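Taken together, the values in this text are just the output of simple stated rules run on the coordinates, not laboratory data. Values in this document were obtained by computation on a predicted structure and should not be read as measured data. A quick note on method: Cβ atoms are made from the backbone with ideal geometry, for glycine too, and the neighbour counts reach across all protein chains shown.
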Amino acid sequence: MRRTVVAFLSILFLFMFVGCSKKEIKAEEINFNFQCKADVACGEQKITCELNRSAPGIVSIQILSGDLKGLVYNWSGEDFSVSYSGLAAKSEDCVLPKASFAVILKQMFDQAATSGALTKTHGNEFSGNFNDCDFTLVTNGIGQIQKISIPHRGISAELYDYNKEAAG
């Protein structure tokens, strides 16, 4: 009887760990249409923002912390706009510096979402390149991006608090 109980508990214990393991995903399973919060480190600067990407070229980044809290960058595919404290400006071209974290993140997301752009490095980590700049994405088992690293630009980000209704 004792051996039966030990054998049963051993099998139960084994299945508990198998059920808790993270699923490894393929690059095609990463969800690039999302709304979430992100803690972005750009050099010494730390910024909390809300990221919203609904399609290629359609990205919105709202600053949620610091002196620029409330500033919104918005790419609508053909136009770029910036708004802050009730004021807004629209342009056909993005007027932000190319080294801006917002521009770099948008470019990275657009490149990463293209077919064949990502290479699986290990587990749920993927690497890619845009404008001769390497980047790494770490995802969870359901295709949500958890971490971004763009070392050449000194940018890293942790993504969290995904809006389930905005997922595509």
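Along the charge dipole of the chain, which of Ile25, Met108, Ser127 sits closest to the positive end, that is, farthest toward it, with unit charges on the beta carbon of Lys, Arg, Asp and Glu (+1, +1, -1, -1)? After comparing all options, I get Ile25. Extending 7 Å from Cα along the Cβ direction at Asp161 and again at Cys133 yields two label points whose distance is 2.5 nm. In sequence order, region 33-46 has phi-based couplings of 10, 7, 9, 7, 9, 9, 9, 10, 10, 10, x, 8, 7, 10 Hz under the Karplus curve 6.51 cos²θ - 1.76 cosθ + 1.60, θ = phi - 60°, and Gly or Pro positions carry x. Can you check what the net charge comes to around Tyr160, using other residues whose Cβ is under 12 Å from the Cβ of Tyr160 (Lys, Arg +1; Asp, Glu -1)? Value of the local net charge: -2. Bridging of Lys23 to aspartates and glutamates at a Cα separation below 16 Å is possible for Glu125, once same-chain residues fewer than 8 apart are set aside. Applying the Karplus relation 6.51 cos²θ - 1.76 cosθ + 1.60 with θ = phi - 60° to region 92-99 yields 3J(HN,Hα) values of 6, 10, 5, 9, 6, x, 4, 8 Hz, where x marks Gly and Pro.
For region 60-168, which trypsin sites (Lys or Arg not before Pro) are in a loop by DSSP, counting at most 10 other Cβ atoms within 10 Å?
Here the sparse-neighbourhood loop sites are Lys98.
Stokes-Einstein, applied to the Kirkwood radius of the chain over Cα pairs at a viscosity of 0.692 mPa s and 37 °C, places its translational diffusion at 186 µm² s⁻¹.
In straight-distance terms, cross-link reach from Lys90 covers every one of the lysines whose alpha-carbon lies under 28 Å from its own, apart from those fewer than eight places away in the same chain; here that gives Lys37, Lys46, Lys69, Lys98, Lys106.
Asp79 to Glu28: extension gain in nm, 0.36 nm per residue of separation minus the Cα-Cα distance?
Numbers: separation 51, 0.36 × 51 = 18.36 nm, distance 2.79 nm.
Full extension of this stretch gives 15.6 nm more.
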